[in-house]
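Reading through the structure tokens given below for one structure.
The values are calculated or read from the model by the stated rules, or taken from the named source; none is laboratory data. Bear in mind that the values here come from a model prediction, so they are computed numbers and not experimental data. Only protein heavy atoms, including side chains, enter the accessible area calculation; ligands, DNA and RNA are left aside. Shrake-Rupley method; radii C 1.70, N 1.55, O 1.52, S 1.80 Å.
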Amino acid sequence: MKFVVVANNPLPYHTPILNALADRVDLHVIYMSSHHPLGSFLDPWGADPRFSYSFHPGARLGIPRFDLRLQVSLGVSRAISRHRPDALLVSSWGPLTWEPLAWARAHQCAGLIWAESTSWSGLFRGRLSEALRRRVVGTASGFVANGTAARNYVIELGAPSERVVTSCLPSAIFSPRHPSPARSGPPRFLFVGRLIASKQPVELIGAFRRVLDQVPDATLTIVGAGAEGERAELAARSLGASVRF
């Protein structure tokens, strides 16, 4: 099966997911930029990509007054056609979403949306933005939602619930309208992520050591694996049961 993904740019948490997808399908990723538009990631890949990829010329459009940042590109349909995919996935709500989905519909190809936004993660979006997103949802044949909140949002936009697959990825944002219930007992800290140098798991344990000086009954649970795993476990050894991997 040939699969094409059209994305704004490499992201450190996308690459491992795409690597796993590449183990199952013939995958090619088309990026509109090689850098994150906010310039906040020193390593935008996060891991070595195990899939083929290419870059298509795009332009960034930003209006700071309205907190508007878009990636605009035309002609990506020609790049898609060269790969003749059986399925196409876009990971953006921006202008570059329209052309790939229009291509998918015209060529009777499955057009999918990787949906990560929630109903409250963009509270400053106006009616025009919401209307455009509803139109985008109407052109897609399926959706992969990053967590329950993202699933609920894409359904609110008109996606049939039976066409939405909720991934096992945790939602990174929690709605303040639904606060967590009060918990009793000592404070518990949780880290979920790959144990690699850029995520600084050893430094995390050093910071938690200072927490224990003030709150001796606190605990830290680390969920993940990676090249820094052994160093992290060694750093935590003197903290005993306070740190669990």
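Residue order by solvent-accessible surface for 1, 32 is 1, 32, largest first, with ligands and nucleic acids left out and a 1.4 Å probe.
Among 166, 148, the sequence by solvent-accessible area, most first, with a 1.4 Å probe is 148, 166.
Here the 3J(HN,Hα) profile of segment 145-151, calculated from phi with Karplus coefficients 6.51, -1.76 and 1.60 at θ = phi - 60°, is 9, 8, x, 5, 5, 5, 4 Hz, Gly and Pro shown as x.
Largest to smallest in accessible area, the residues 31, 53 fall in the order 53, 31 (1.4 Å probe, all protein chains included). Solvent-accessible area of residue 45, all protein chains in place: 50 Å² (probe radius 1.4 Å, heavy atoms, ligands and nucleic acids excluded).
Under a 5 Å amide H to amide H cut-off, with H placed in plane at 1.01 Å, what residues pair with residue 166 once short-range neighbours are removed? Excluding prolines and chain starts, which carry no amide H, the hits are 145.
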